[in-house]
Amino acid sequence: QVQLVESGGGLVQAGESLKLSCAASGSQSKTNVMGWYRQVPGTAREFVASITRGGPTDYATSVKGRFTISSEDAKNTVYLQMNSLKPEDTAVYYCFAQSSFLDWGRGTQVTVSS
(Lines give C-alpha, C1' and ligand atoms only; values in the text may rest on other atoms or scores of the structure.)
Protein backbone atom coordinates (compact mmCIF):
# COMPACT_ATOMS: atom_id res chain seq x y z
CA GLN A 1 0.00 0.00 0.00
CA VAL A 2 0.91 3.66 -0.41
CA GLN A 3 0.85 6.36 2.24
CA LEU A 4 -0.23 9.77 0.97
CA VAL A 5 0.17 13.17 2.63
CA GLU A 6 -1.46 16.25 1.13
CA SER A 7 -0.41 19.84 1.71
CA GLY A 8 -0.97 23.29 0.25
CA GLY A 9 -4.60 23.96 1.09
CA GLY A 10 -5.75 27.24 2.53
CA LEU A 11 -8.05 30.23 2.28
CA VAL A 12 -7.91 32.39 -0.84
CA GLN A 13 -10.14 34.87 -2.63
CA ALA A 14 -11.92 34.14 -5.88
CA GLY A 15 -9.58 34.45 -8.84
CA GLU A 16 -6.47 33.54 -6.88
CA SER A 17 -4.36 30.39 -7.12
CA LEU A 18 -3.24 27.52 -4.91
CA LYS A 19 -0.93 24.57 -5.49
CA LEU A 20 -1.61 21.30 -3.71
CA SER A 21 1.02 18.64 -3.19
CA CYS A 22 0.65 14.94 -2.47
CA ALA A 23 3.73 13.08 -1.28
CA ALA A 24 3.66 9.31 -1.63
CA SER A 25 5.64 6.75 0.33
CA GLY A 26 5.51 2.97 0.53
CA SER A 27 4.83 0.88 -2.56
CA GLN A 28 4.57 3.88 -4.87
CA SER A 29 6.56 2.10 -7.58
CA LYS A 30 3.48 -0.07 -8.20
CA THR A 31 1.16 2.90 -8.52
CA ASN A 32 -0.48 3.26 -11.92
CA VAL A 33 -2.67 6.31 -11.42
CA MET A 34 -2.60 9.17 -8.95
CA GLY A 35 -4.89 12.13 -8.68
CA TRP A 36 -7.34 14.19 -6.73
CA TYR A 37 -10.94 14.08 -5.61
CA ARG A 38 -12.78 16.68 -3.59
CA GLN A 39 -15.70 16.58 -1.20
CA VAL A 40 -18.08 19.09 0.29
CA PRO A 41 -19.64 17.92 3.59
CA GLY A 42 -22.91 16.12 2.95
CA THR A 43 -22.14 15.40 -0.70
CA ALA A 44 -20.40 12.62 -2.61
CA ARG A 45 -16.69 12.72 -3.30
CA GLU A 46 -16.11 14.23 -6.75
CA PHE A 47 -13.35 13.45 -9.25
CA VAL A 48 -11.06 16.39 -10.01
CA ALA A 49 -8.02 15.19 -11.94
CA SER A 50 -5.73 12.22 -12.48
CA ILE A 51 -2.37 11.42 -14.01
CA THR A 52 -1.29 8.02 -15.26
CA ARG A 53 2.26 6.74 -15.04
CA GLY A 54 3.67 7.73 -18.41
CA GLY A 55 1.83 10.99 -18.56
CA PRO A 56 -1.83 10.91 -19.69
CA THR A 57 -4.00 13.24 -17.65
CA ASP A 58 -7.73 13.58 -17.14
CA TYR A 59 -9.82 16.40 -15.69
CA ALA A 60 -13.34 17.02 -14.54
CA THR A 61 -15.19 19.34 -16.87
CA SER A 62 -15.64 21.86 -14.07
CA VAL A 63 -11.89 22.37 -13.64
CA LYS A 64 -10.59 21.86 -17.18
CA GLY A 65 -8.55 24.86 -18.29
CA ARG A 66 -8.10 26.12 -14.71
CA PHE A 67 -6.40 23.20 -12.92
CA THR A 68 -3.26 21.37 -13.97
CA ILE A 69 -2.07 18.07 -12.54
CA SER A 70 1.59 17.09 -12.74
CA SER A 71 4.00 14.66 -11.13
CA GLU A 72 7.62 14.66 -10.07
CA ASP A 73 8.68 11.05 -10.00
CA ALA A 74 12.01 11.75 -8.30
CA LYS A 75 10.11 13.14 -5.31
CA ASN A 76 7.18 10.70 -5.54
CA THR A 77 4.93 13.73 -5.51
CA VAL A 78 1.84 14.76 -7.45
CA TYR A 79 0.79 18.39 -7.72
CA LEU A 80 -2.47 20.16 -8.48
CA GLN A 81 -2.04 23.73 -9.66
CA MET A 82 -5.37 25.50 -9.23
CA ASN A 83 -5.83 28.84 -10.97
CA SER A 84 -8.81 31.18 -11.27
CA LEU A 85 -10.36 29.62 -8.19
CA LYS A 86 -14.09 29.99 -7.63
CA PRO A 87 -16.17 29.76 -4.44
CA GLU A 88 -17.62 26.49 -5.76
CA ASP A 89 -14.12 24.99 -5.65
CA THR A 90 -14.35 25.09 -1.86
CA ALA A 91 -13.96 21.53 -0.55
CA VAL A 92 -11.65 19.08 1.14
CA TYR A 93 -9.24 17.82 -1.51
CA TYR A 94 -8.12 14.20 -1.25
CA CYS A 95 -5.17 12.65 -3.03
CA PHE A 96 -5.52 9.06 -4.25
CA ALA A 97 -3.15 6.41 -5.58
CA GLN A 98 -4.31 3.35 -7.48
CA SER A 99 -2.29 0.15 -7.73
CA SER A 100 -3.58 -3.19 -6.55
CA PHE A 101 -5.21 -1.07 -3.87
CA LEU A 102 -6.88 2.30 -3.85
CA ASP A 103 -5.22 4.46 -1.21
CA TRP A 104 -6.32 7.87 0.05
CA GLY A 105 -4.73 10.74 1.87
CA ARG A 106 -6.41 12.47 4.78
CA GLY A 107 -7.32 15.56 2.76
CA THR A 108 -6.51 19.25 2.76
CA GLN A 109 -9.08 22.03 3.04
CA VAL A 110 -9.41 24.56 0.24
CA THR A 111 -11.67 27.54 0.89
CA VAL A 112 -12.37 30.17 -1.75
CA SER A 113 -14.13 33.33 -0.62
CA SER A 114 -16.17 35.52 -2.95
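The values are calculated or read from the model by the stated rules, or taken from the named source; none is laboratory data. Bear in mind that the values here come from a model prediction, so they are computed numbers and not experimental data. Please note: Cβ atoms are built from the backbone with ideal geometry, for glycine as well, and neighbour counts cover all protein chains shown. The accessibility values were calculated without ligands, DNA or RNA, using every heavy atom of the protein model including side chains. Shrake-Rupley method; radii C 1.70, N 1.55, O 1.52, S 1.80 Å.
Quick notes
- Per-residue SASA entry for Thr57, accessible area with 1.4 Å probe, Å² rounded to 10: 70 Å²
- Over the chain, relative contact order from alpha-carbon pairs under 8 Å, at least 6 apart, %: 38 percent
- For the chain, the fraction of 1.4 Å probe accessible surface lying on carbon and sulfur atoms is 48 percent.
- Judged by the mean number of other Cβ atoms found within 10 Å, the most tightly packed of the peptides 7-13, 80-86, 67-73 leads the ranking 80-86, 67-73, 7-13.
- Charge dipole (Cα centre; +1 on Lys/Arg Cβ, -1 on Asp/Glu Cβ; no other charges) of the chain amounts to roughly 80 debye.
- Only protein heavy atoms count here; under a 1.4 Å probe, Thr61 has an accessible surface of about 120 Å².
- Think of a 1.4 Å ball rolled over the protein heavy atoms: the chain then has 53 Å² of accessible area per residue.
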